[in-house]
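The values are calculated or read from the model by the stated rules, or taken from the named source; none is laboratory data. Computed from a predicted structure; not experimentally measured. Cβ sites come from the backbone with ideal geometry, for glycine too, and all protein chains shown count toward neighbours. Heavy atoms of the whole protein, side chains included, go into the accessibility calculation; ligands, DNA and RNA do not. Shrake-Rupley method; radii C 1.70, N 1.55, O 1.52, S 1.80 Å.
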Amino acid sequence: MSADQLRRAYDLIRQGQKEEAVAILQPILRSERDNADAWWLMANALTDPARQIQALNQVLRLRPSDQRAQKMLARLEAEQRSKEDAFSFPVSDDDPFANASRSSNDIFPNSSSRADLSGSDPFASNAPPVGSGDPFASSSDPFSQGAQQPRPTYATFEPPRQQRGRNPFVTCLAIVGALVIGCCAFTFFVLPRVAGPIVEQVASQFPELIGSLTANPELQSVFATLGAEGFEFNGSTNAAFNPSDAQDRGKIEIGRPLTGNVDTFDDDFYTLAVNDRQSLTIEVNATPGSDVDPQLYVYDASYNLVAENDDISLSDNNFNSRLTVTLAPGAYYIVISAFGSGGAYEVSVTR
């Protein structure tokens with residue numbers, strides 16, 4: 001089992017591509033049933049609450065003291081119980097169906113068998129046969145076959161049918177519509193799968209060229225489409241930071257820690273000013289009583305990713321984030337996000 005596979009599954013979960021993450025985790029769990037980290041990622045990748053509960057039980061089997069798994073399991077079980085209670089109601093004493101047998105599918109629950117109802121059933125087999133006493137069974141029926149008289153025949157006039165030709169205008173519209181549909185299908189389904197691998201290979205060989213192309217506003221929609229298909233390349237707009245998509249928490253200074261509360265769906269960011277080239281350690285820790293799993297990212301003034309970290313030590317269940325990076329003079333963005341549910345944290349920058 002490669003740690004890169006778990007990292008890939010983790011990134012897919014953060015991007016909302018949970019089905020792809022499940023496809024990566026399933027082979028790992030088939031060969032390593034006692035991999036607690038893989039079970040935890042599986043619990044976050046699944047969308048069925050029942051299967052999530054099963055995965056969390058496996059995590060707690062391997063790590064009984066895992067508080068994150070305990071809280072998530074308690075929440076899921078509480079939601080399941082609330083759904084079951086919403087569909088349950090007591091049967092009153094005057095319920096006319098309270099004494100009916102629940103084990104029988106018979107629509108007449110008080111009868112011992114269907115044969116008991118044959119005497120009162122108007123469609124039972126002992127009903128009088130048709131013909132005995134039937135006023136229409138006699139041969140004197142004026143509507144019987146023998147009493148029918150031959151009907152006179154009349155000549156009918158049918159107007160000549162006009163042969164309709166194809167309207168050339170309608171034909172042209174049909175051709176144009178087919179071409180438009182074909183072009184759309186090619187653009188959204190064929191082109192990303194054909195051009196994606198080519199662009200990805202070019203990006204690995206010429207990162208500067210791809211960086212200049214992705215900066216072109218007229219081409220950003222094309223790279224966004226390729227990124228949505230799962231292709232990654234240097235200079236992709238998916239790797240850049242957009243301050244408008246996060247909560248601005250103000251400035252942070254070296255040696256002065258700050259506290260905050262990150263939302264589940266919105267990231268927090270702080271502005272850091274570096275005057276001299278120096279090595280800095282940036283750390284984010286969940287505050288006591290908070291079960292947030294913080295993730296840490298550092299971007300430069302051009303919104304390019306400089307460094308990132310998540311989980312100081314998975315093996316030691318240390319899910320806080322810390323990184324040491326050498327920064328040149330300039331402005332930087334310290335971005336904090338949450339894996340799973342949000343919560344309170346403390347962030348600090350030290351030399």
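For segment 250-351, a crude dipole built from +1 on the beta carbon of Lys and Arg and -1 on the beta carbon of Asp and Glu, taken about the Cα centre, is about 480 debye to the nearest 20. Couplings 3J(HN,Hα) of segment 261-277, computed from phi: 9, 8, 7, 5, 10, 10, 7, 9, 9, 10, 9, 10, 9, 10, 8, 10, 5 Hz, in residue order, whole Hz [Karplus 6.51 cos²θ - 1.76 cosθ + 1.60, θ = phi - 60°; x for Gly and Pro]. Spatial offset of segment 256-281 relative to segment 319-350 amounts to 5 Å, using the alpha carbon center of each. Taking a straight line from the alpha carbon of K83, these lysines sit under 28 Å away, with near neighbours fewer than eight places off in the same chain left out: K18, K71. Computed with a 1.4 Å probe on the full set of protein chains, the accessible area for V274 sits at about 10 Å². Within the accessible area of segment 251-312, what % is carbon and sulfur when the probe is 1.4 Å and the other protein chains stay in place? Taking all protein chains in place, segment 251-312 shows 42 percent carbon and sulfur surface.
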